[in-house]
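This report refers to the structure that appears directly beneath it.
The values are calculated or read from the model by the stated rules, or taken from the named source; none is laboratory data. Here the structure is a predicted model, which is why all the values come from computation and not from measurement. Heads up, the Cβs are rebuilt from the backbone with ideal geometry, glycines too, and the neighbour counts pull from every protein chain shown.
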Amino acid sequence: MSISVCIATYNGGAFIKDQIYSILLQLSQNDEIIISDDGSRDSTLNILFSFNDSRIRIYKNDGKHGVVSNFENAIKHATGDYIFLCDQDDVWMPGKVKRVMEAFDNYDFVVHNAEMVDSNLISQGIDFFTLRKTRYGYWQNLWKMRYLGCTMAFKSDTLKFILPFPKNILWHDMWAAAILHLKFRGILIDESLMWYRRHGNNASSSGEKSGWSWSFRIRYRWIIFYNSIFRIIKAK
């Protein structure tokens with residue numbers, strides 16, 4: 001069994017080194033970190049190459065630019081039996097991989113909690129599940145996404161349902177959560193297994209803009225609902 005950690009990078013030089021270190025310490029030689037880079041112009045790629053580790057595999061995102069396409073490109077290149085989504089700017093706590101892999105004995109996907117920290121990894125005194133009132137379920141996360149993509153992991157046999165991403169989605173994690181809930185069995189682990197940095201440029205759907213109109217939000221939920229139901233039916 002092998003693990004693929006999928007990271008979408010773009011100008012992540014400020015934090016990427018800490019993240020990669022925290023991941024490599026928990027991987028075996030059979031595992032991999034799949035990097036899809038969206039045209040970084042800072043030190044991101046130089047830092048990644050400096051690790052000189054064969055487990056780090058870097059791909060250029062030649063498709064549509066943006067976090068959704070970038071993550072899709074990373075996931076497409078994954079060869080592992082288990083897919084871990086990962087942001088470029090967080091830090092995994094020791095034991096994260098072990099704890100998540102234990103849950104895979106009985107479940108197809110896993111979502112775990114995270115400790116909220118600032119850009120300097122100083123705790124903000126709250127965890128993500130408490131902040132977002134996280135609950136398990138399709139409908140609970142369709143109306144208001146209560147998961148972080150970077151806290152999600154799933155078995156690779158789910159990918160035939162998750163990929164390709166619909167062209168009109170805004171958040172990769174909201175889409176993946178919808179598919180996983182419709183078709184597979186998952187679990188919430190109410191343990192903080194990573195430090196989640198909040199610095200204004202986070203890529204996960206927890207940053208949904210509050211200024212968007214209710215009509216837009218309703219239409220977008222309909223898009224996710226329609227596409228997820230259609231995908232499950234079509235992929236059978």
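Looking only at the stretch 91-120, which residues are in a loop (DSSP other than H, G, I, E, B) and not acidic (Asp, Glu)?
Answer for the stretch 91-120, where residues must be in a loop (DSSP other than H, G, I, E, B) and not acidic (Asp, Glu): Met93, Pro94, Gly95, Phe104, Asn106, Tyr107, Ser119, Asn120.
Output the residues belonging to the stretch 204-236 that are modelled with pLDDT under 90, farther than 19 Å from Gln140 by Cα and surrounded by 15 or more Cβ atoms within 10 Å (Cβ to Cβ).
The answer is none; no residue qualifies.
Looking for something of a type outside the set (Gly, Ala, Ser), within 19 Å of Arg197 (Cα to Cα) and either in contact (Cβ under 8 Å) with a residue 24 or more places away in the chain or in contact with a Leu (Cβ under 7 Å, 6 or more places away or on another chain) (or both) - is there at least one such residue anywhere in the stretch 45-65?
The answer is no, given that none of the residues of the stretch 45-65 is of a type outside the set (Gly, Ala, Ser), within 19 Å of Arg197 (Cα to Cα) and either in contact (Cβ under 8 Å) with a residue 24 or more places away in the chain or in contact with a Leu (Cβ under 7 Å, 6 or more places away or on another chain) (or both).
Within the stretch 128-135, can one find any residue that is farther than 22 Å from His199 by Cα and either in contact with a Ser or Thr (Cβ under 9 Å, 6 or more places away or on another chain) or touching a residue at least 60 places away in the same chain (Cβ under 8 Å) (or both)?
no
When the stretch 184-203 is examined, which residues are found to be closer than 21 Å to Lys133 by Cβ and at pLDDT below 95?
Result: Arg198, Asn202.
Has the stretch 53-76 got at least one residue that is buried (at least 16 other Cβ atoms within 10 Å of the Cβ) and more than 25 Å from Phe15 (Cα to Cα)?
no
Rundown of residues vs (1) closer than 17 Å to Leu163 by Cα; (2) part of a strand (DSSP E or B), yes/no style:
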| position | (1), (2) |
| --- | --- |
| Ile7 | yes, yes |
| Gly13 | no, no |
| Ser28 | no, no |
| Leu45 | no, no |
| Ser54 | no, no |
| Arg57 | no, yes |
| Asn70 | yes, no |
| Thr79 | yes, no |
| Asp89 | no, no |
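Has the stretch 141-154 got at least one residue that is of a type in the set (Val, Ile, Thr) and farther than 25 Å from Ile16 by Cα?
Scanning the stretch 141-154, I find no residue that is of a type in the set (Val, Ile, Thr) and farther than 25 Å from Ile16 by Cα, so the answer is no.
Here is a check on your reading of the model: is Asn30 over 22 Å from Thr79 (Cα atoms) and either free of Cβ contacts under 8 Å to residues at least 40 places away in the same chain or surrounded by fewer than 20 Cβ atoms within 10 Å (Cβ to Cβ) (or both)?
Judged against the criteria, Asn30 is not a match.
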